[in-house]
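Some notes on the structure that comes next.
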Amino acid sequence: ILKFMPDLLTLGDQPLLALLSPALLARLEEMATRVRYRDGVMIHGLGDDKPGLSIVRDGAVRFAKHTPEGGEVTVSILGPGHSFGEATLFAGMGRAYDAIAVGDTVVDQISKAKFDRILEAEPELARALLAATTRRLYSVLGFLDDLRTLPLEARVAKLIIGIADVAKTQGVVECRQSDLAFTLGVSRVSVGKALARLQDKRVIRLGYSRIEILSRAALAKEAAG
């Protein structure tokens, strides 16, 4: 499931690199320092204040925050082409979350000094960053609205539909209950109960590391809450 998470959790947003011309893409790559991270390695921690733009080239980056109870909540996962660190550059803010590599991950790091030089010479970069950041904001607002208004059962149904759409396998979703719990930031037990209720309604059928969608229309109705 991890290979589908980035596109899913950014709700299909266009990544920064998809918004740039070939010439600017080449310049960013030339100015960047490419860093490789193994699965689970922290890229930066909450509160780190070193400014810079980071661009995911391969793998994925998970953003998480620890709860007062000692748990951890995953806020987002960004895949190839997506950027992070804009707040450190434009607002002088420290990092709001821990950033952790998911799988073997490659990230291009661009220092503030180099970023400022590119930005001054290439207004296209500012326009692309504004567009990407605005789209991400809308995605976050939608996620928060779901969190506030939809019961867990509806959010699980919506997630299953999203995975099916991204994976282009409408009838069967290959994933574990722990993957769904990880993505939604809730316990595996809670997700298991929500899935059991959906199965009782004959909307889905649970298997080993797979979920069969028995009725796409009925699942969409459940996702609407």
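All of the numbers you see were taken from the coordinates with simple rules; none came from a lab. Small disclaimer: the values here were computed from a predicted structure and weren't measured. Here the Cβ is made from the backbone with ideal geometry for all residues, glycine too, and neighbour counts use every protein chain on show.
Lys-Lys pairs in the chain that are eight or more residues apart or on separate chains and whose Cα atoms lie under 20 Å of each other come to 13. When you restrict to C-alpha pairs under 8 Å that are six or more residues apart and normalise by the size of the chain, the relative contact order lands at 22 percent.
How tilted is helix 123-149 with respect to the longest principal axis of the chain? Cα atoms for both, answer in degrees (0 to 90, nearest 10). Roughly 30 degrees, rounded to the nearest 10. Anisotropy class assigned to the stretch 35-116 is oblate, per the alpha carbon gyration tensor with a/c at or over the 1.5 cut-off and a/b no larger than b/c.
Using the Cα centre of the stretch 116-169 as origin and beta-carbon charges of +1 (Lys, Arg) and -1 (Asp, Glu), tell me which of 142, 129, 162 is placed farthest towards the positive end of the dipole. Of the listed residues, the answer is 162. What you get for the stretch 116-224, charging only the Cβ of Lys and Arg (+1) and of Asp and Glu (-1), is a dipole of about 580 debye around the Cα centre.
Once the Cα atoms are used to define both axes, helix 22-31 deviates from the longest principal axis of the chain by about 70 degrees. Charged side chains reduced to their Cβ positions (Lys and Arg at +1, Asp and Glu at -1) give the chain a dipole of some 640 debye around its Cα centre. Counting only alpha carbon atoms, the long axis of helix 112-121 and the longest principal axis of the chain meet at about 80°. Here, the chain is characterised by an Rg to Rh ratio of 1.01, where Rg is the alpha-carbon radius of gyration and Rh the Kirkwood radius.
Only Lys, Arg, Asp and Glu carry charge here, each on its Cβ (+1 for the first two, -1 for the last two); on that basis the stretch 179-220 has a dipole of about 120 debye about its Cα centre.
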